[in-house]
Structures are given as C-alpha cells and as structure tokens.
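Novice: First, the structure itself, so that you have it in front of you.
The values are calculated or read from the model by the stated rules, or taken from the named source; none is laboratory data. Just so you know, these numbers come straight off a predicted model, no measurement behind them. With ideal geometry, Cβ positions are generated from the backbone for all residues, glycine too; neighbour counts draw on all protein chains shown. What goes into the accessible areas is simple: the full protein's heavy atoms, side chains included, and nothing from ligands, DNA or RNA. Shrake-Rupley method; radii C 1.70, N 1.55, O 1.52, S 1.80 Å.
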Amino acid sequence: NAGVTQTPKFQVLKTGQSMTLQCAQDMNHNSMYWYRQDPGMGLRLIYYSASEGTTDKGEVPNGYNVSRLNKREFSLRLESAAPSQTSVYFCASSDLGGQGVPQHFGDGTRLSIL
Amino acid sequence: GENVEQHPSTLSVQEGDSAVIKCTYSDSASNYFPWYKQELGKRPQLIIDIRSNVGEKKDQRIAVTLNKTAKHFSLHITETQPEDSAVYFCAGGYQKVTFGTGTKLQVIP
C-alpha cells in the first residue's frame, strides 16, 4: 500500500518551460489536493478536487492547471514556468468528505526554476 | 477567506517538559481544525484534529483545545521527547482549510 505517490521527486526547469507533476493515490479517496510550500509561508492550496470530474481553485492558482484524470490520479501542470514557482509541491488525498482537509501527503516534488 | 495565525514561530523546551502552540482564526464559519507534524525534509503528517462542536480532544501525549468564542485553538504536547522535534502546522476552515505558518519545536535532551 503505497499511499500517495508523486513524480518526479526533483526537477530543474528553465523559465518558460512547461512540465506536469504527477500524483496518484491507492486509498480510494475522493478528494485530492495540490499544495506548494515555501519557507516561512506554510502550505498554500493551489487546486483541489473534491471528487472525480471536479476541480476548484485554491489560494494560489495562477500559473497552474490541473487534471483529475480518474479517481486515483491528479496532475498539476505549469504551462510556462517562472522563478516565482520555485517551491516544494505536495499532493495530498482525503476521505473526510466535504471538510477539505488533506489526510495523506506524498513525499513532495522539489522544483527549481532558473 | 480564512486567515490562520500561529505562534510562536520557534519553541525550545527541555525533554520532559510541555509544549504549547497557539493558533487564531478569523472566519466564524470555520468548523474543522487539524494539526500536522513535519519532520525535516519529510512530508506533513496529520496528527490530530478537532471539530467545532468539541472543546478538547486527547491522543496519548497530544491534546488540542478549541475556544470558539475567542477563535483560537491550541496544541499541547506533554512529556516531550527528542522525536517530537519537528515543525508543527495548524490549519482551520470550512470545506477548505488554511494553514498557519508553522512552529519549529526543538526538544533539548
């Protein structure tokens, strides 16, 4: 039982490049989330998906898009990377219904944009 | 939206002493308040939570309290151990939670 799996673990991009962060969970959870973590700022919600087929913006959605491919997978795409998007990105999942509370996190993707 | 403030930002205690971390929130509609522990370089882990219809909840050495009138909630760790050293985040909200900025707890052996 792997929980929440994120790929890649590390990535370096140049400004303007695009990439997709992958996330999959094997706990049959309905809700999935993408957060970014910057020093001194805690975790900020980028996008979330309360159930398969639905996605909603969080606090900091600009510059990102998401796809809830199926119940297991929730991907985050940076269309044109900017240095301000250098961060650690965490995917999470939950079965706490409408509470919007992440229960299980992946190991994170450390993304640097030059 | 919700605004969650967390204090202190750093906390050092001697092993065996208690540690208290406090958070305040702004939205009176908030009804769910989880706490997370994040060890250096690791993922956040949900350690305990409290709902707005409960004033206190305990789980072994960890307890959370909630004061809805004052809009603040706290994490209490008793008999601290070196393995409690980590960054602790509070969060609060209704349908979506907002995170505090974290408290780095250092337990000195």
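Novice: Which of the residues belonging to the range B:4-22 are under 23 Å from A:Gly100 (Cβ atoms) and either more than 11 Å from chain A (Cβ to nearest Cβ) or exposed (fewer than 12 other Cβ atoms within 10 Å of the Cβ) (or both)?
Specialist: Correct list: B:Ile21, B:Lys22.
Novice: Taking the criterion of being among the aromatic types (Phe, Trp, Tyr), without any contact (Cβ under 8 Å) to a residue 60 or more places away in the chain and in contact with a Lys or Arg (Cβ under 9 Å, 6 or more places away or on another chain), would at least one residue in the range A:1-11 satisfy it?
Specialist: Checking the range A:1-11: not a single residue is among the aromatic types (Phe, Trp, Tyr), without any contact (Cβ under 8 Å) to a residue 60 or more places away in the chain and in contact with a Lys or Arg (Cβ under 9 Å, 6 or more places away or on another chain).
Novice: Right, next: Taking into account only those residues within the range B:34-44 that are open to solvent by less than 10 Å² (accessible area, probe 1.4 Å) and at the interface with another protein chain (Cβ under 9 Å from one of its Cβ atoms), which is farthest from A:Ser87 (Cα to Cα)?
Specialist: B:Pro34
Novice: Follow-up. Just the residues that are surrounded by 22 or more Cβ atoms within 10 Å (Cβ to Cβ) and within 19 Å of A:Gly40 (Cβ to Cβ), please, taken from the range A:75-104.
Specialist: A:Tyr89, A:Phe90
Novice: Tally up the residues in the range A:1-37 that are surrounded by 13 or more Cβ atoms within 10 Å (Cβ to Cβ) and among the small types (Gly, Ala, Ser), please.
Specialist: Total satisfying the criteria: 3.
Novice: Further, regarding this structure: Search the range B:21-49 for residues that are without any contact (Cβ under 8 Å) to a residue 24 or more places away in the chain and pair each with any residue that is open to solvent by 60 Å² or more (accessible area, probe 1.4 Å) when their beta-carbon atoms are under 7 Å apart and the residues are at least 6 apart or on different chains.
Specialist: Between residues of the range B:21-49 that are without any contact (Cβ under 8 Å) to a residue 24 or more places away in the chain and residues that are open to solvent by 60 Å² or more (accessible area, probe 1.4 Å), the close pairs are B:Arg43/A:Asp107.
Novice: On to the next question. Could you please find all residues in the range B:63-101 being part of a loop (DSSP other than H, G, I, E, B), within 14 Å of chain A (Cβ to nearest Cβ) and more than 25 Å from B:Gly41 (Cα to Cα)?
Specialist: If the condition is that a residue be part of a loop (DSSP other than H, G, I, E, B), within 14 Å of chain A (Cβ to nearest Cβ) and more than 25 Å from B:Gly41 (Cα to Cα), then B:Gln95 is the only one that fits.
Novice: For the range B:45-52, check the following and say yes or no: at least one residue is open to solvent by less than 60 Å² (accessible area, probe 1.4 Å), more than 12 Å from chain A (Cβ to nearest Cβ) and either farther than 24 Å from A:Tyr48 by Cβ or small (Gly, Ala, Ser) (or both).
Specialist: no
Novice: Same structure, new question: Give the residues of the range B:30-62 that are in a loop (DSSP other than H, G, I, E, B), under 17 Å from A:Gly42 (Cβ atoms) and not basic (Lys, Arg), sorted by residue number.
Specialist: Those that are in a loop (DSSP other than H, G, I, E, B), under 17 Å from A:Gly42 (Cβ atoms) and not basic (Lys, Arg): B:Ser30, B:Glu39, B:Leu40, B:Gly41, B:Pro44.
Novice: Right, another one. Is it the case that A:Leu21 is hydrophobic (A, V, I, L, M, F, W, C) and either on the phi > 0 side of the Ramachandran plot or under 10 Å from the mean Cα position of the chain (by Cα) (or both)?
Specialist: yes
Novice: Moving on to the next point. Identify all residues within the range A:53-74 that are open to solvent by 70 Å² or more (accessible area, probe 1.4 Å), within 13 Å of another protein chain (Cβ to nearest Cβ) and in contact (Cβ under 8 Å) with a residue 12 or more places away in the chain; write none if there are none.
Specialist: Passing the criteria: only A:Glu59.
Novice: For the range A:38-50, give me each residue that is without any contact (Cβ under 8 Å) to a residue 24 or more places away in the chain, open to solvent by less than 40 Å² (accessible area, probe 1.4 Å) and more than 18 Å from B:Thr10 (Cβ to Cβ).
Specialist: Once the filter is applied, which keeps residues that are without any contact (Cβ under 8 Å) to a residue 24 or more places away in the chain, open to solvent by less than 40 Å² (accessible area, probe 1.4 Å) and more than 18 Å from B:Thr10 (Cβ to Cβ), the range A:38-50 yields only A:Leu45.
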